[in-house]
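Here, each number is a calculation from the coordinates, and none is a lab measurement. Please read all numbers here as calculations on a predicted model, not as lab measurements. Neighbour counts are summed over all protein chains in view; Cβ atoms, including those assigned to glycine, are modelled from backbone coordinates with ideal geometry.
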Amino acid sequence: MSGSAMVADATERRSTSAELVDKIAHDIREGRFHPRERLIEVELAAQYGATRNAVRSALIELTALGLVEREANRGARVRPVSIDEAIESTEVRLTLQAMCTRLAAERMDDAGRQELEGLLDRLRRAVAGGDIAANTAANAEISRVIRRISGHGTASRIIESLQDQVRLNAYPYLLPDRRVESMHEYEDVVHAVLSGDADAAQAAAEVHRDHVLAALRGIRDSVALPAG
């Protein structure tokens, strides 16, 4: 095999491995695999049409991403997250989001303004219509757009690496219904960002963070949850 062919073959293998990581990660995030569920290499290979070596490499990468854990002589499983770890990761994630919110207020442009105004309208319609899925999607998109406007790539990557942990372990489904309260918090955040008031934007984001953390701590204190 020529040198160029070897490089092309290695590139194709890396691409295939990356695609497999993305597919398994997507299925974990979508709840097709549950916390503590065993991930059997031969079954995954058959399910995704991949070799066992490719699956093994993908599981190693997913372990580094924090979605999977590997145990000696027992293989891999979807990594469970304790309520205490969920609280910690949420605190880090929303504190960084507050920082990005401040930066977004300082860096707002016309395109970002139009996008956030449209998303806020979408959020209000979702809450008014009782559409939980649309509500959740609008919240996530508002946060994502704020991060994009902030231009802080490192903070965005850390936030995205943490944001699945609470949802994957079903903690949001134990939270009291605070859709209306949360909508008002997002309104305060977006209005402050649109006005260019960096101090108010960060403060509004921190209020939202503190309310979410209080709700999660309420779960910890009132519900018996398994340890990680």
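Quick notes
- Residues of the range 105-132 with amide N under 17 Å of the 7 Å Cα→Cβ point at Glu187: 116-131
- By other beta-carbon atoms within 10 Å, ranking His211, His26, His152 with the fewest at the front produces His26, His211, His152.
- Summed over qualifying helices (DSSP H, 4 residues or more, each -39500 (n - 2.57)) and divided by its residue number, the chain shows a 222 nm mean residue ellipticity of -25000 deg cm²/dmol.
- Sequence-ordered 3J(HN,Hα) estimates for the range 22-28 from the Karplus curve with 6.51, -1.76 and 1.60 and θ = phi - 60° stand at 4, 5, 5, 4, 4, 5, 5 Hz, glycine and proline given as x.
- Inter-site label distance for Arg125 and Arg52 at 7 Å from Cα along Cβ, in nm: 5.2
- Between Arg148 and Arg113, the distance separating the two model label sites (each 7 Å from Cα on the Cα→Cβ line) works out to 1.8 nm.
- Percent of Cα pairs in the chain per distance bin of 10 Å, from zero to the largest separation: 7, 27, 29, 22, 11, 3, 0.
- Range in the chain, longest, excluding exposed GluC sites (Glu not before Pro) [loop by DSSP; at most 14 other beta-carbon atoms within 10 Å]: 38-228
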